[in-house]
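Heads up: the structure comes next, in structure tokens.
Where a number appears in this text, it was derived from the coordinates with a stated rule and is not lab data. Treat the numbers as computed from the prediction; the structure is a model and nothing was measured. A quick note on method: Cβ atoms are made from the backbone with ideal geometry, for glycine too, and the neighbour counts reach across all protein chains shown.
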Amino acid sequence: MRDELLIVVDMQNDFVTHGGALYFKEAEKIKPVVLDCVNYHINERNYIVLTQDWHDLDDVEFKFFPPHCVENSKGAQFFDELESAVWDYEHANFVRKRKFSAFYGTNLNKLLERLSPKRVGVCGVATNICVMYTVEELRNREYEVVLYEDGIASYDDSLHKFALLQMKDVLGAEIERWR
């Protein structure tokens, strides 16, 4: 298996496309970086895991956040350029999740065990929620993790900075700029 794998966290319309239920402007800045990162990994024939927040209409999470990423909705789809890039890529793997961590209630752990990457790159949204809780699970499983700092974003700059420090100083993730 390949040594490097990329995880793209929740780059869905409801978060990163103007008009989305939980859209935030900072997400626009990372879309080209995420797309470049994905295209690089496609060209290198590396595995890519794309997570999707995926909720029922009556999901308990909607007590804390407005309804978003409702299964099979336009808001739950990846932004158009990303969708086009990965649509028929044979090494793209899709993980639909109902909680913050991409591991909770999904097949991600088994998938990673099968693919056995030595290094896992991470980009996506939101730094202080789904990115951080997924990175925490990766590090608990002893994966070497690199966060592409210019490829992750949050709706709140102070929470973004806090989460980066937590992932670096507490979890031991590397933080780099993409290319």
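Region 103-145: which GluC sites (Glu not before Pro) are DSSP loop and have at most 14 other beta-carbon atoms within 10 angstrom?
When the GluC sites (Glu not before Pro) of region 103-145 are filtered for loop state and at most 14 Cβ neighbours within 10 Å, Glu142 remain.
Just to check, using Stokes-Einstein with a Kirkwood Rh over alpha carbon pairs, what's the diffusion coefficient of the chain at 20 °C and 1.002 mPa s in µm²/s?
134 µm²/s
Restricting to the chain, compute how many DSSP beta bridges are antiparallel as a %, nearest 5.
5 percent
So which chymotrypsin sites (Phe, Trp or Tyr not before Pro) in region 72-179 end up in coil per DSSP with only 14 or fewer other C-beta atoms within 10 Å? Don't jump to the answer; show the numbers that get you there.
Working: sites: Phe78, Phe79, Trp87, Tyr89, Phe94, Phe100, Phe103, Tyr104, Tyr133, Tyr143, Tyr148, Tyr155, Phe162, Trp178; in loops: Phe79, Trp87, Tyr89, Phe100, Phe103, Tyr104, Tyr143, Tyr155, Trp178.
Sites meeting the loop and neighbour criteria: Trp87, Tyr104.
Taking region 1-78, which trypsin sites (Lys or Arg not before Pro) meet the DSSP loop condition and have no more than 13 other C-beta atoms within 10 Å?
For trypsin sites (Lys or Arg not before Pro) across region 1-78 that sit outside H, G, I, E and B with at most 13 neighbouring Cβ atoms in 10 Å, the list reads Lys25, Arg45.
Normalised radius of gyration for region 1-106, please: alpha carbon Rg relative to 2.2 N^0.38 Å, two decimal places.
Expressed relative to 2.2 N^0.38 Å, the Cα Rg reads 1.07.
Looking at region 37-179, how many pairs of lysines come closer than 25 Å at the Cα, when each pair is eight or more places apart or spans two chains?
14
Non-local amide H neighbours of Ile7 (under 5 Å, H modeled in plane, Pro and chain starts lacking H): which ones?
Under 5 Å from the amide H of Ile7 lie the amide H atoms of Val49, Gly121, Val122, Cys123, each far enough along the sequence or on another chain.
So what's the back-of-envelope 222 nm ellipticity for the chain, counting only DSSP H runs of four-plus at -39500 (n - 2.57) apiece and dividing by all residues, rounded to 500?
Computed mean residue ellipticity for the chain: -8500 deg cm²/dmol.
For region 4-174, give the magnitude of the charge dipole about the Cα centre (Cβ charges: +1 Lys/Arg, -1 Asp/Glu; no others), in debye to the nearest 20.
Dipole magnitude for region 4-174 comes out near 360 debye.
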